[in-house]
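Quick note: the coordinates plus some simple rules give every number you see, no bench work behind them. As the structure is a prediction and not an experimental result, all values here were calculated from the model. As a convention, Cβ positions derive from the backbone with ideal geometry for all residues, glycine included, and neighbour counts pool all protein chains shown.
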Amino acid sequence: MVTAKVWVLKKHFQGFPKPSDFDLKKIELPSLQDGELLLESVFLSVDPYMRPYSQRDMKEGDVMIGTQVARIVESKNPAFAAGAFVVANSGWRSHFISDGKGLHLLPSSWPESLPKSLALGTVGMPGLTAYFGLFEVCKMKPGETVLVNAAAGAVGSVVGQLAKIGGCKVVGCAGSDDKVAYLKKIGFDEAFNYKTVTSLDEALSKASPDGYDCFFDNVGGEFSSIAINHMKKHGRIAVCGAISQYNDSVPQKGPYVQIPMIFKELRMEGFIVTSWNNRREEGQKALLKWVLEGKVKFHEQVTEGFENMPAAFIGMLRGENLGKAIVKV
Ligand SMILES: NC(=O)C1=CN([C@@H]2O[C@H](COP(=O)(O)OP(=O)(O)OC[C@H]3O[C@@H](n4cnc5c(N)ncnc54)[C@H](OP(=O)(O)O)[C@@H]3O)[C@@H](O)[C@H]2O)C=CC1
Ligand SMILES: CCCCCCCCC/C=C/C=O
């Protein structure tokens with residue numbers, strides 16, 4: 001008999017999530033039926049989407065949503081061998097039973113030298129978000145200027161590096177000087193700390209006096225309201241995330257986008273990465289190749305211990321992560 005630890009949403013978040021909103025429970029798992037597998041989580045992901053999705057899709061008492069890299073401990077399913085690693089979407093659980101549906105084996109070309117946790121970050125959902133958001137939504141072209149915010153995070157750091165691979169000038173902003181130094185190190189042409197600049201308007205003008213062709217928006221709110229005025233004519237805005245608004249109890253006012261959208265003839269498009277699930281393999285293959293060639297660098301903020309899942313999640317929302325926030329069991 002295996003005892004699984006699970007984190008449940010005890011109380012719907014009101015404003016910023018707090019440790020007391022979560023409860024750690026133990027569940028006895030039954031023995032396996034034919035077709036089933038027993039898995040243990042090795043790495044778990046904490047992501048911004050968990051905040052708005054919990055509000056929309058979860059009720060109090062539900063296991064927190066989320067993905068993990070898990071090892072198959074025992075298999076009664078011929079399609080999966082014990083010992084193999086998969087990406088699963090099974091929530092904040094230390095152990096779980098699956099019938100195999102929705103499990104993604106790590107690509108067979110995954111080298112031993114590469115952390116398997118990258119399948120939750122640069123070579124996983126966030127990397128794919130950067131890939132499809134930039135190539136399919138922004139339709140970035142060589143020679144253009146790309147702006148990205150939350151640039152030192154899981155999605156943003158890949159956006160900047162892919163834009164460089166695509167022959168663009170890249171401007172990024174992030175919330176600490178250490179993050180800004182990291183952006184310069186991984187090849188961003190310009191980077192600034194949005195928390196300490198005296199004027200966002202001036203910082204955006206200084207970084208690219210001619211404006212921006214593409215804006216990969218991870219943040220929303222005030223930053224986006226200012227950035228839209230710096231777009232070039234026929235610019236494209238990929239609305240990826242709005243993390244500056246996820247914890248608001250009272251909706252922010254604006255942005256009022258109509259005037260710049262009309263006069264600059266902008267295109268602004270929201271997207272969800274899962275719309276490209278049918279091209280997941282293509283994206284993963286490309287990202288893995290660039291990582292192995294050293295063209296896409298990665299950093300992970302690893303929190304040790306399943307019991308620290310809420311702390312890692314809250315820390316990521318506060319901006320404590322450089323690169324992808326991961327929990328190692
Ligand atoms: N549309 C889609 O399919 C997907 C969308 N997303 C979205 O992309 C964005 C980035 O996600 P991800 O890369 O995983 O997360 P990150 O790794 O970037 O972590 C979140 C970061 O957001 C920044 N942040 C937090 N609060 C604020 C704020 N009030 N204003 C500005 N920045 C803030 C912090 O960095 P800093 O120190 O710079 O403030 C923090 O480190 C999120 O909005 C997320 O919801 C992610 C995946 C898929
Ligand atoms: C098998 C992985 C399922 C995970 C779904 C993640 C969807 C993220 C969409 C994000 C939106 C905003 O953050």
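Quick notes on this one:
- Verdict on Gly100 being part of a loop (DSSP other than H, G, I, E, B), more than 18 Å from Val302 (Cβ to Cβ) and touching a residue at least 24 places away in the same chain (Cβ under 8 Å): yes
- Residue in region 110-158 that is surrounded by the most Cβ atoms within 10 Å (Cβ to Cβ), counting only those that are within 14 Å of the chain's Cα centre (by Cα) and among the hydroxyl-bearing types (Ser, Thr, Tyr): Ser157
- Note on region 9-31: residues that are of a type in the set (A, V, I, L, M, F, W, C) and surrounded by fewer than 17 Cβ atoms within 10 Å (Cβ to Cβ) total 4.
- Residue within region 87-94 that is closer than 30 Å to Tyr212 by Cβ and within 16 Å of ligand 2 (Cβ to nearest atom) present: no
- Sole residue being without any contact (Cβ under 8 Å) to a residue 40 or more places away in the chain, within 27 Å of Gly187 (Cβ to Cβ), out of contact with any Cys (no Cβ under 9 Å at 6 or more places or on another chain) and of a type in the set (S, T, N, Q), chosen from Gln252, Gln258, Gln301, Gln245: Gln301
- Within region 158-176, the set of residues being touching a strand residue (DSSP E or B) at 6+ places or on another chain (Cβ under 6 Å), more than 11 Å from Ala191 (Cβ to Cβ) and in a helix (DSSP H, G or I) comprises Val159, Ala163, Lys164.
- Region 56-86, subset within 12 Å of ligand 2 (Cβ to nearest atom) and within 15 Å of His12 (Cα to Cα), residue surrounded by the fewest Cβ atoms within 10 Å (Cβ to Cβ): Arg56
- Test result for Asn308, without any contact (Cβ under 8 Å) to a residue 60 or more places away in the chain and within 14 Å of ligand 2 (Cβ to nearest atom): no
- Helices (runs of 4 or more DSSP H) contained in region 195-299 and holding at least 3 residues within 16 Å of ligand 2 (Cβ to nearest atom): 280-292
- Matching option when the condition is touching a residue at least 40 places away in the same chain (Cβ under 8 Å) and in contact with a His (Cβ under 7 Å, 6 or more places away or on another chain), among Val137, Val158, Val86, Val148: Val86
- All conditions but one from (1) in contact with an Asp or Glu (Cβ under 6 Å, 6 or more places away or on another chain); (2) surrounded by 18 or more Cβ atoms within 10 Å (Cβ to Cβ) apply to Asn193; the one that does not is (2).
- Any hit, region 140-153, residues being assigned to a helix (DSSP H, G or I) and hydroxyl-bearing (Ser, Thr, Tyr): no
- Residue satisfying all of: in region 102-140; of a type in the set (Val, Ile, Thr) and within 12 Å of ligand 1 (Cβ to nearest atom); farthest from Cys168 (Cα to Cα) among these: Thr122
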